[in-house]
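All remarks here apply to the structure that follows.
The values are calculated or read from the model by the stated rules, or taken from the named source; none is laboratory data. Keep in mind the model is a prediction, meaning the values are calculated, not measured. Counting neighbours? That spans all protein chains shown, and the Cβs are built from the backbone with ideal geometry, glycine included. Quick note on the areas: whole protein, heavy atoms, side chains included, nothing else; ligands and nucleic acids left out. Shrake-Rupley method; radii C 1.70, N 1.55, O 1.52, S 1.80 Å.
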Amino acid sequence: MQYYHDSADTGDDPVFSWEALGTAGFNGAVSSQISAATVGFGGTIYAAFNDGTADGRLFKYSSASWFEISLAGENLPVTISTPKLLSHNNSLYFGYEEDTFSSETLYLRAYDDATTSLATGGLVEAADINDGNAVFVSGGGDLYAVYTVGSTLKVRKLDNDTWTLLSSFTVSAGSYGSLAAAWFNGYLYVFYLDASGDGWVKYYDEGDGWLSAEKNGTAITGGGTVSALQLASSGTTTLYAGYIEGGQAYVRILE
(Lines give C-alpha, C1' and ligand atoms only; values in the text may rest on other atoms or scores of the structure.)
Protein backbone atom coordinates (compact mmCIF):
# COMPACT_ATOMS: atom_id res chain seq x y z
CA MET A 1 0.00 0.00 0.00
CA GLN A 2 1.29 3.46 -0.92
CA TYR A 3 -0.02 6.95 -0.22
CA TYR A 4 0.00 10.09 -2.36
CA HIS A 5 1.73 13.32 -1.30
CA ASP A 6 0.93 16.36 -3.47
CA SER A 7 3.98 18.32 -2.33
CA ALA A 8 7.68 17.94 -3.09
CA ASP A 9 8.38 18.56 0.60
CA THR A 10 8.40 15.12 2.20
CA GLY A 11 9.54 16.37 5.59
CA ASP A 12 6.04 16.09 7.02
CA ASP A 13 5.40 12.56 5.77
CA PRO A 14 3.23 10.59 8.18
CA VAL A 15 4.65 7.53 9.88
CA PHE A 16 2.58 4.38 9.55
CA SER A 17 2.58 1.17 11.53
CA TRP A 18 0.41 -1.82 10.62
CA GLU A 19 -0.63 -4.32 13.25
CA ALA A 20 -3.14 -7.15 13.50
CA LEU A 21 -6.61 -6.06 14.60
CA GLY A 22 -7.63 -8.23 17.52
CA THR A 23 -6.19 -11.22 19.29
CA ALA A 24 -8.36 -13.70 17.40
CA GLY A 25 -8.62 -12.76 13.76
CA PHE A 26 -10.91 -14.44 11.25
CA ASN A 27 -9.30 -16.53 8.53
CA GLY A 28 -10.34 -15.32 5.11
CA ALA A 29 -7.26 -16.74 3.41
CA VAL A 30 -9.31 -19.20 1.37
CA SER A 31 -11.23 -16.42 -0.34
CA SER A 32 -10.35 -13.48 -2.57
CA GLN A 33 -13.73 -11.89 -1.87
CA ILE A 34 -13.40 -9.99 1.41
CA SER A 35 -15.41 -6.91 2.36
CA ALA A 36 -15.35 -4.69 5.45
CA ALA A 37 -17.43 -1.80 6.78
CA THR A 38 -17.36 0.57 9.74
CA VAL A 39 -20.84 1.31 11.03
CA GLY A 40 -22.27 3.88 13.42
CA PHE A 41 -20.84 6.68 15.49
CA GLY A 42 -19.06 4.16 17.70
CA GLY A 43 -17.14 2.81 14.71
CA THR A 44 -18.17 -0.85 14.97
CA ILE A 45 -16.24 -2.90 12.42
CA TYR A 46 -17.73 -5.80 10.47
CA ALA A 47 -16.11 -8.08 7.91
CA ALA A 48 -17.60 -10.59 5.47
CA PHE A 49 -16.11 -13.11 3.09
CA ASN A 50 -16.84 -16.25 1.13
CA ASP A 51 -15.17 -19.19 2.87
CA GLY A 52 -14.23 -21.05 -0.29
CA THR A 53 -17.21 -23.41 -0.14
CA ALA A 54 -19.62 -20.72 -1.38
CA ASP A 55 -20.89 -20.01 2.15
CA GLY A 56 -21.06 -16.40 3.34
CA ARG A 57 -19.42 -15.59 6.69
CA LEU A 58 -20.00 -12.46 8.77
CA PHE A 59 -17.77 -11.28 11.64
CA LYS A 60 -17.94 -8.41 14.13
CA TYR A 61 -14.97 -6.85 15.91
CA SER A 62 -15.63 -6.26 19.60
CA SER A 63 -13.53 -6.20 22.79
CA ALA A 64 -10.30 -6.67 20.83
CA SER A 65 -11.53 -9.88 19.20
CA TRP A 66 -13.45 -11.06 16.14
CA PHE A 67 -16.75 -12.85 16.73
CA GLU A 68 -18.67 -14.71 14.06
CA ILE A 69 -22.33 -13.82 13.53
CA SER A 70 -24.21 -16.92 12.49
CA LEU A 71 -26.07 -16.59 9.19
CA ALA A 72 -27.75 -19.96 9.61
CA GLY A 73 -31.49 -19.72 9.11
CA GLU A 74 -31.21 -16.36 7.32
CA ASN A 75 -32.74 -17.69 4.10
CA LEU A 76 -29.48 -17.29 2.21
CA PRO A 77 -29.15 -19.23 -1.06
CA VAL A 78 -27.26 -22.48 -0.98
CA THR A 79 -24.29 -20.78 -2.60
CA ILE A 80 -23.38 -17.09 -2.72
CA SER A 81 -20.50 -15.12 -4.19
CA THR A 82 -18.91 -11.69 -3.74
CA PRO A 83 -20.39 -10.80 -0.32
CA LYS A 84 -20.25 -7.03 0.22
CA LEU A 85 -20.86 -4.92 3.32
CA LEU A 86 -22.18 -1.37 3.16
CA SER A 87 -22.74 1.26 5.86
CA HIS A 88 -25.83 3.42 5.29
CA ASN A 89 -27.50 5.75 7.81
CA ASN A 90 -25.62 4.06 10.66
CA SER A 91 -26.94 0.66 9.63
CA LEU A 92 -25.19 -2.34 8.11
CA TYR A 93 -26.23 -3.89 4.81
CA PHE A 94 -25.14 -7.29 3.52
CA GLY A 95 -25.03 -7.68 -0.26
CA TYR A 96 -24.40 -10.84 -2.20
CA GLU A 97 -25.00 -12.70 -5.44
CA GLU A 98 -26.96 -15.94 -5.55
CA ASP A 99 -24.48 -18.15 -7.37
CA THR A 100 -26.06 -20.91 -9.45
CA PHE A 101 -25.00 -22.70 -12.62
CA SER A 102 -27.35 -20.61 -14.74
CA SER A 103 -27.66 -17.16 -13.14
CA GLU A 104 -26.26 -14.56 -10.74
CA THR A 105 -29.11 -12.90 -8.81
CA LEU A 106 -28.32 -9.76 -6.79
CA TYR A 107 -29.50 -9.05 -3.22
CA LEU A 108 -28.94 -6.36 -0.59
CA ARG A 109 -30.36 -7.02 2.88
CA ALA A 110 -30.27 -4.93 6.06
CA TYR A 111 -28.66 -6.42 9.15
CA ASP A 112 -30.14 -5.91 12.63
CA ASP A 113 -27.40 -6.17 15.25
CA ALA A 114 -29.95 -6.28 18.08
CA THR A 115 -31.45 -9.52 16.77
CA THR A 116 -28.34 -10.65 14.84
CA SER A 117 -30.49 -11.32 11.79
CA LEU A 118 -30.87 -10.22 8.18
CA ALA A 119 -34.04 -8.55 6.95
CA THR A 120 -36.12 -10.58 4.54
CA GLY A 121 -36.35 -9.78 0.84
CA GLY A 122 -33.77 -7.42 -0.58
CA LEU A 123 -33.92 -8.64 -4.20
CA VAL A 124 -32.24 -6.04 -6.44
CA GLU A 125 -32.09 -7.82 -9.81
CA ALA A 126 -33.41 -11.22 -10.86
CA ALA A 127 -31.70 -11.17 -14.26
CA ASP A 128 -28.37 -12.89 -14.86
CA ILE A 129 -25.95 -10.17 -13.74
CA ASN A 130 -22.23 -10.31 -14.54
CA ASP A 131 -20.54 -12.28 -11.79
CA GLY A 132 -18.75 -10.11 -9.23
CA ASN A 133 -19.48 -6.83 -10.99
CA ALA A 134 -22.01 -5.19 -8.67
CA VAL A 135 -21.34 -2.12 -6.50
CA PHE A 136 -23.55 -0.69 -3.75
CA VAL A 137 -23.28 3.03 -2.92
CA SER A 138 -24.70 5.15 -0.09
CA GLY A 139 -25.08 8.83 -0.95
CA GLY A 140 -27.42 11.77 -0.44
CA GLY A 141 -29.45 9.72 2.04
CA ASP A 142 -30.19 7.06 -0.59
CA LEU A 143 -28.96 3.60 -1.54
CA TYR A 144 -27.86 2.77 -5.07
CA ALA A 145 -26.98 -0.48 -6.82
CA VAL A 146 -24.70 -0.30 -9.89
CA TYR A 147 -24.12 -3.47 -11.90
CA THR A 148 -24.06 -4.95 -15.39
CA VAL A 149 -26.31 -7.44 -17.14
CA GLY A 150 -24.48 -8.56 -20.25
CA SER A 151 -23.30 -5.34 -21.91
CA THR A 152 -25.87 -3.12 -20.15
CA LEU A 153 -24.93 -1.05 -17.10
CA LYS A 154 -27.86 -0.50 -14.75
CA VAL A 155 -28.39 1.87 -11.83
CA ARG A 156 -31.17 1.22 -9.34
CA LYS A 157 -32.22 3.36 -6.37
CA LEU A 158 -33.97 2.05 -3.28
CA ASP A 159 -37.32 3.85 -2.87
CA ASN A 160 -39.75 2.68 -0.19
CA ASP A 161 -38.27 -0.84 -0.19
CA THR A 162 -38.47 -1.04 -3.99
CA TRP A 163 -35.45 -0.97 -6.31
CA THR A 164 -36.33 1.51 -9.08
CA LEU A 165 -34.35 1.51 -12.32
CA LEU A 166 -32.96 5.02 -12.86
CA SER A 167 -30.94 4.57 -16.00
CA SER A 168 -28.89 2.21 -18.15
CA PHE A 169 -26.44 2.35 -21.04
CA THR A 170 -24.19 0.01 -23.03
CA VAL A 171 -20.72 -0.86 -21.74
CA SER A 172 -18.14 -3.58 -22.27
CA ALA A 173 -19.38 -6.82 -20.70
CA GLY A 174 -17.11 -7.88 -17.87
CA SER A 175 -16.82 -8.94 -14.26
CA TYR A 176 -14.57 -8.84 -11.22
CA GLY A 177 -13.19 -5.34 -11.19
CA SER A 178 -14.41 -3.83 -14.47
CA LEU A 179 -16.84 -1.51 -12.69
CA ALA A 180 -16.58 0.96 -9.79
CA ALA A 181 -18.89 3.60 -8.30
CA ALA A 182 -18.77 6.30 -5.62
CA TRP A 183 -20.81 9.23 -4.29
CA PHE A 184 -19.08 12.58 -4.71
CA ASN A 185 -20.36 16.17 -4.31
CA GLY A 186 -24.01 15.21 -4.66
CA TYR A 187 -23.66 12.89 -7.66
CA LEU A 188 -23.22 9.20 -8.31
CA TYR A 189 -19.98 8.59 -10.26
CA VAL A 190 -19.31 5.41 -12.23
CA PHE A 191 -15.97 4.16 -13.60
CA TYR A 192 -16.45 1.61 -16.38
CA LEU A 193 -14.94 0.14 -19.56
CA ASP A 194 -16.42 0.83 -22.97
CA ALA A 195 -16.68 -1.68 -25.84
CA SER A 196 -13.02 -0.99 -26.76
CA GLY A 197 -11.80 -1.62 -23.21
CA ASP A 198 -11.07 2.05 -22.47
CA GLY A 199 -11.89 3.42 -19.02
CA TRP A 200 -14.37 6.27 -18.61
CA VAL A 201 -15.94 8.10 -15.68
CA LYS A 202 -19.49 9.45 -15.83
CA TYR A 203 -21.76 10.94 -13.19
CA TYR A 204 -25.51 10.58 -13.00
CA ASP A 205 -28.00 13.44 -12.67
CA GLU A 206 -31.62 12.37 -12.17
CA GLY A 207 -32.74 15.29 -14.34
CA ASP A 208 -30.12 15.18 -17.11
CA GLY A 209 -29.05 11.53 -17.08
CA TRP A 210 -25.40 10.53 -17.61
CA LEU A 211 -22.82 13.32 -17.96
CA SER A 212 -19.13 13.00 -18.80
CA ALA A 213 -16.47 13.68 -16.18
CA GLU A 214 -13.52 13.67 -18.63
CA LYS A 215 -11.78 16.66 -20.13
CA ASN A 216 -11.98 16.97 -23.91
CA GLY A 217 -13.90 13.69 -24.17
CA THR A 218 -10.77 11.59 -23.63
CA ALA A 219 -10.72 8.26 -21.82
CA ILE A 220 -8.73 8.34 -18.58
CA THR A 221 -6.89 5.10 -19.42
CA GLY A 222 -4.24 4.76 -22.10
CA GLY A 223 -5.68 1.95 -24.20
CA GLY A 224 -3.97 -1.10 -22.71
CA THR A 225 -5.65 -3.94 -20.84
CA VAL A 226 -7.39 -2.36 -17.84
CA SER A 227 -8.59 -4.09 -14.64
CA ALA A 228 -9.23 -3.57 -10.92
CA LEU A 229 -11.19 -0.31 -11.31
CA GLN A 230 -11.68 1.73 -8.14
CA LEU A 231 -13.25 5.09 -7.21
CA ALA A 232 -12.75 6.86 -3.88
CA SER A 233 -13.30 10.37 -2.58
CA SER A 234 -11.80 12.41 0.24
CA GLY A 235 -14.85 14.28 1.45
CA THR A 236 -15.99 16.92 -1.05
CA THR A 237 -12.60 18.00 -2.38
CA THR A 238 -11.11 15.21 -4.49
CA LEU A 239 -12.21 12.15 -6.42
CA TYR A 240 -9.64 9.45 -7.16
CA ALA A 241 -9.79 6.80 -9.87
CA GLY A 242 -7.49 3.80 -9.52
CA TYR A 243 -6.83 0.95 -11.93
CA ILE A 244 -4.23 -1.47 -13.27
CA GLU A 245 -3.11 -1.11 -16.87
CA GLY A 246 -0.28 -2.98 -18.58
CA GLY A 247 0.95 -4.41 -15.27
CA GLN A 248 1.21 -1.00 -13.59
CA ALA A 249 -1.03 0.61 -10.98
CA TYR A 250 -2.39 4.11 -11.70
CA VAL A 251 -4.25 6.67 -9.62
CA ARG A 252 -5.79 9.72 -11.29
CA ILE A 253 -7.34 12.77 -9.63
CA LEU A 254 -10.46 14.52 -10.91
CA GLU A 255 -9.75 18.25 -11.19
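Worth a mention:
- Failed item, numbered, when Asp142 is tested on (1) in contact with a Lys or Arg (Cβ under 7 Å, 6 or more places away or on another chain); (2) closer than 22 Å to Glu104 by Cα: (2)
- Output for the stretch 209-255, where each listed residue is surrounded by 14 or more Cβ atoms within 10 Å (Cβ to Cβ), among the small types (Gly, Ala, Ser) and in contact with a Lys or Arg (Cβ under 9 Å, 6 or more places away or on another chain): Ala213, Ala241, Gly242
- Sole exception among (1) modelled with pLDDT under 90; (2) closer than 28 Å to Ala173 by Cβ; (3) within 16 Å of the chain's Cα centre (by Cα); (4) open to solvent by less than 40 Å² (accessible area, probe 1.4 Å) for Ala37, by number: (2)
- Search result, residues across the stretch 86-114 that are crowded, with 20+ Cβ neighbours inside 10 Å and of a type in the set (Ser, Thr, Tyr): Tyr93, Tyr96, Tyr107, Tyr111
- Cross-chain or 6+ apart pairs with Cβ under 8 Å, the stretch 209-222 first and more than 29 Å from Arg156 (Cβ to Cβ), then open to solvent by less than 50 Å² (accessible area, probe 1.4 Å) and in a strand (DSSP E or B): Gly222/Glu245
- Matching residues in the stretch 66-84 - criterion: being outside any loop (DSSP other than H, G, I, E, B) and modelled with pLDDT of 85 or more: Trp66, Phe67, Glu68, Ile69, Pro83, Lys84
- Residue count for the stretch 73-85 under the criterion of being more than 18 Å from Ala114 (Cβ to Cβ) and open to solvent by 30 Å² or more (accessible area, probe 1.4 Å): the result is 5.
- Residues that are outside any loop (DSSP other than H, G, I, E, B) and farther than 20 Å from Phe59 by Cα within the stretch 113-136 comprise Leu123, Val124, Glu125, Val135, listed in sequence order.
- Number of the exception - Asp142 against (1) open to solvent by 30 Å² or more (accessible area, probe 1.4 Å); (2) at pLDDT 90 or above; (3) within 30 Å of Thr225 (Cα to Cα): (3)
- Single residue of Ser91, Ser81 found to be polar (S, T, N, Q) and closer than 18 Å to Thr44 by Cα: Ser91
- Any hit, the stretch 163-179, residues being open to solvent by 50 Å² or more (accessible area, probe 1.4 Å), over 29 Å from Thr105 (Cβ atoms) and small (Gly, Ala, Ser): no
- Residues in the stretch 45-65 that are modelled with pLDDT of 80 or more and not hydrophobic (A, V, I, L, M, F, W, C): Tyr46, Arg57, Lys60, Tyr61, Ser62, Ser63, Ser65.
- Filter pass, Glu206 being among the charged types (D, E, K, R), surrounded by 13 or more Cβ atoms within 10 Å (Cβ to Cβ) and farther than 19 Å from Tyr176 by Cβ: no
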